[in-house]
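The values are calculated or read from the model by the stated rules, or taken from the named source; none is laboratory data. All values reported here derive from a predicted model rather than from experimental measurement. We place every Cβ from the backbone using ideal geometry, glycine too, and count neighbours over all the protein chains shown.
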Amino acid sequence: MKKDSLKPYEIDASQLVGKTAKVFLPKNIKELQEIVKQNNSLNIRAGGTGLAGGAVPQGEKTLDISKIDKIVDFNNDKKTIVVETGIILDDLQDFLAQYNLEFPINPSSHSICTIGGMISTNAVGNRAIKYGRTSDWVLWIDVVNPDGKIERKNKTELMDFSGMEGITGIIVRACLKLTQTKERTGEIIYLEDYNEVLKKVRELKRISEVSMIELLGKSVTKDLFSKDKYALTIEFESDQGKIKQKEFKKLLNMRDSVGPKLSQEGHTILEDPRVMTDKSDTLVSWFEKNNIPFFGHLGVGIFHPRFSKDNEDKIPEMMKIVKKLNGQITGEHGIGILKKEFVDPSDKKLLLNMKKRLDPLNKFNPGKIL
Ligand SMILES: Cc1cc2nc3c(=O)[nH]c(=O)nc-3n(C[C@H](O)[C@H](O)[C@H](O)COP(=O)(O)OP(=O)(O)OC[C@H]3O[C@@H](n4cnc5c(N)ncnc54)[C@H](O)[C@@H]3O)c2cc1C
């Protein structure tokens, strides 16, 4: 590859820019195993949609897994599928749609992110309130270890890899659980006061058909709907919602476009703190006091405040509030390079022990998380 053609491999969606010496694009798992055997240091990359710099190389060679993307086995009766992990989520969903099945975790990057990227970041979708995280839907994975050997990891060992952002091994195959596709309808509610929002969320959580509760902060709602209010987008897995079929799809697409729109307006830095929904008023007041636009998966307490170059120095202050509320510095995007400085020393120790156990020579994703 020429130097210029390496450039797309030196970034991800975090906007961090790195450097890579070379890119490997193996076409099958055997080729990937050989590359692992022959190299001491590898940056693992899939869809490159990560928002924490997890796939941004720090000078080492890059291993792009995106061509390893076959469907290996499908069992309609058991509702399971085995895939190679470079498969893009929407391609998997298109295959499953013909059987009225789907993979229920749905991050907004669904058209480009891969199953491997989702497992390794343990991605959360907008239906997390009902379906949880990616790891909840994984039965087993095949991992390539630093010696280039394949090891099967069942549920009990899954969390040594899921959420570890590629620092412990390369996930090359996964057996996934599936669900039946549902009729989905929606509703959008505008509310003046944040306490009313929290009250509404408590009510909605009692309804079993509710599969999504998304929040738009006031400034975002004003921009999109010319209303100076909070907006709650609710999804029902039944015909209960007033907004149906195409109109509801339009509403969901509009929700997915909020992030890119804020980026265009200069709010390019995206964070993803998570706090208990009931305690989120403190965080929301802080965003509003500092004029920080935000949206998020309120049903599970994940917020997406958007910072700009002018106010990014406020991020450490936000992290302090999140920790004070016993929240998490990252609810879904991971630590990568961007959030390393905010990891608690006790968590760091645990992560370091795991890294030493599974990748003692620091072959995979050096400089990430730790
Ligand atoms: C517009 C947009 C919306 C998003 N919305 C959401 C959302 O709603 N919820 C959410 O959770 N995230 C979201 N994200 C973040 C991102 O899309 C997810 O984290 C996604 O799962 C990353 O997948 P990827 O294939 O792009 O992985 P990459 O970005 O290529 O990699 C991410 C990390 O996983 C590692 N990795 C990738 N594949 C493997 C593998 N096979 N084995 C081991 N390690 C691997 C990489 O080294 C890196 O550390 C969004 C991103 C964008 C740009």
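Within the stretch 332-370, count every residue that is polar (S, T, N, Q) and within 16 Å of the ligand (Cβ to nearest atom). Let's see the steps before the verdict.
Taking the stretch 332-370 first, the residues polar (S, T, N, Q) are 346, 353, 362, 365.
Of the ones still in play, those that are also within 16 Å of the ligand (Cβ to nearest atom) are 362, 365.
Residues in the stretch 332-370 being polar (S, T, N, Q) and within 16 Å of the ligand (Cβ to nearest atom): 2 in total.
Here is a list: Asn43, Asn76, Asn39. Which entry is surrounded by fewer than 15 Cβ atoms within 10 Å (Cβ to Cβ) and either in contact with a Lys or Arg (Cβ under 6 Å, 6 or more places away or on another chain) or not charged (D, E, K, R) (or both)?
Asn76
For every residue, the table says whether it meets (1) modelled with pLDDT of 95 or more; (2) among the polar types (S, T, N, Q); (3) surrounded by fewer than 15 Cβ atoms within 10 Å (Cβ to Cβ).
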site	(1), (2), (3)
Ile292	yes, no, no
Arg306	yes, no, no
Leu325	yes, no, no
Gly334	yes, no, no
Asp344	no, no, yes
Asn365	yes, yes, no
Lys368	yes, no, no
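Within the stretch 1-25, which residues are aromatic (Phe, Trp, Tyr) and outside any helix (DSSP H, G or I)? Outline the logic, then answer.
Restricting attention to the stretch 1-25, the residues satisfying the condition of being aromatic (Phe, Trp, Tyr) are 9, 24.
Matches in the stretch 1-25: Phe24 only.
Go through the stretch 26-143 and tell me which strands (runs of 3 or more DSSP E), entirely inside it, have 3 or more residues that are more than 28 Å from Gly301 (Cβ to Cβ) and more than 7 Å from the ligand (Cβ to nearest atom). Explain how you work it out, then say what you get.
Working: elements: 42-45, 61-64, 71-75, 80-84.
Ranges flagged: 61-64, 71-75, 80-84.
Restricting the search to the stretch 322-336, which residues are in a loop (DSSP other than H, G, I, E, B) and among the β-branched types (Val, Ile, Thr)?
Ile329, Ile335
Take the residues in the stretch 1-25 that are closer than 19 Å to Leu338 by Cβ, among the hydrophobic types (A, V, I, L, M, F, W, C) and surrounded by 18 or more Cβ atoms within 10 Å (Cβ to Cβ), then tell me which one is nearest to the ligand (Cβ to nearest atom).
Among residues in the stretch 1-25 that are closer than 19 Å to Leu338 by Cβ, among the hydrophobic types (A, V, I, L, M, F, W, C) and surrounded by 18 or more Cβ atoms within 10 Å (Cβ to Cβ), the one nearest to the ligand (Cβ to nearest atom) is Ala13.
In the stretch 97-106, how many residues are in contact with a Leu (Cβ under 9 Å, 6 or more places away or on another chain), surrounded by fewer than 22 Cβ atoms within 10 Å (Cβ to Cβ) and touching a residue at least 40 places away in the same chain (Cβ under 8 Å)?
Adding up the residues that qualify gives 2.
Could you list, ordered by first residue, the pairs with Cβ atoms under 9 Å in which the first is in the stretch 37-48 and more than 17 Å from Lys149 (Cβ to Cβ) and the second is among the acidic types (Asp, Glu), at least 6 apart or interchain?
Sorted first by the residue in the stretch 37-48, then by its partner, the pairs are Ser41/Glu60; Asn43/Glu60; Arg45/Asp12; Arg45/Asp64; Ala46/Asp64; Gly47/Asp12; Gly48/Asp12; Gly48/Asp64.
Restricting to the stretch 265-314, name every residue that is away from the ligand (no atom under 16 Å from the Cβ) and touching a Gly at 6+ places or on another chain (Cβ under 7 Å).
If the condition is that a residue be away from the ligand (no atom under 16 Å from the Cβ) and touching a Gly at 6+ places or on another chain (Cβ under 7 Å), then Val275, Met276, Thr277, Ser280, Phe287, Ser308 are the ones that fit.
I'd like the residue in the stretch 159-189 that is assigned to a strand (DSSP E or B) and closer than 30 Å to Lys229 by Cβ and, out of all such residues, is nearest to the ligand (Cβ to nearest atom). Quick ask: steps written out before the conclusion?
The initial filter retains those residues of the stretch 159-189 that are assigned to a strand (DSSP E or B), namely 170-177, 179-180, 185-189.
Within this subset, residues satisfying the condition of being closer than 30 Å to Lys229 by Cβ are 185-189.
On the way: Thr185: 21, Gly186: 17, Glu187: 20, Ile188: 19, Ile189: 21 Å.
So, considering only residues that are assigned to a strand (DSSP E or B) and closer than 30 Å to Lys229 by Cβ, the one nearest to the ligand (Cβ to nearest atom) is Gly186.
Under 9 Å between Cβ atoms, at least 6 apart or on separate chains: pull out the pairs that start in the stretch 109-131 with a residue that is over 13 Å from Gly166 (Cα atoms) and of a type in the set (S, T, N, Q) and end on any residue that is in a loop (DSSP other than H, G, I, E, B) and more than 8 Å from the ligand (Cβ to nearest atom).
Within 9 Å, the pairs are Thr114/Asp69; Thr114/Ile87.
In contact with a strand residue (DSSP E or B) (Cβ under 9 Å, 6 or more places away or on another chain) and hydroxyl-bearing (Ser, Thr, Tyr): does that describe Thr121?
no
Yes/no matrix, rows are residues, columns are (1) crowded, with 17+ Cβ neighbours inside 10 Å; (2) in contact with a helix residue (DSSP H, G or I) (Cβ under 8 Å, 6 or more places away or on another chain); (3) modelled with pLDDT of 95 or more:
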{"position": "Trp137", "(1), (2), (3)": "yes, yes, yes"}
{"position": "Val144", "(1), (2), (3)": "yes, yes, yes"}
{"position": "Lys149", "(1), (2), (3)": "no, yes, yes"}
{"position": "Leu176", "(1), (2), (3)": "yes, yes, yes"}
{"position": "Lys199", "(1), (2), (3)": "no, no, yes"}
{"position": "Tyr230", "(1), (2), (3)": "yes, yes, yes"}
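When you go through (1) within 16 Å of the ligand (Cβ to nearest atom); (2) within 16 Å of Arg255 (Cβ to Cβ); (3) not small (Gly, Ala, Ser) one by one for Val210, which number turns out not to apply?
(1)
When you go through Leu251, Leu215 one by one, which is the residue that is at pLDDT 95 or above and either among the polar types (S, T, N, Q) or in contact with a strand residue (DSSP E or B) (Cβ under 7 Å, 6 or more places away or on another chain) (or both)? Give the steps one after another, and end with the answer.
On the way: Leu251 fails: at pLDDT 95 or above.
After ruling out the rest, the residue left standing is Leu215.
Which of the residues spanning the stretch 316-364 are in contact with an Asp or Glu (Cβ under 9 Å, 6 or more places away or on another chain) and at positive phi?
Gly334, Gly336
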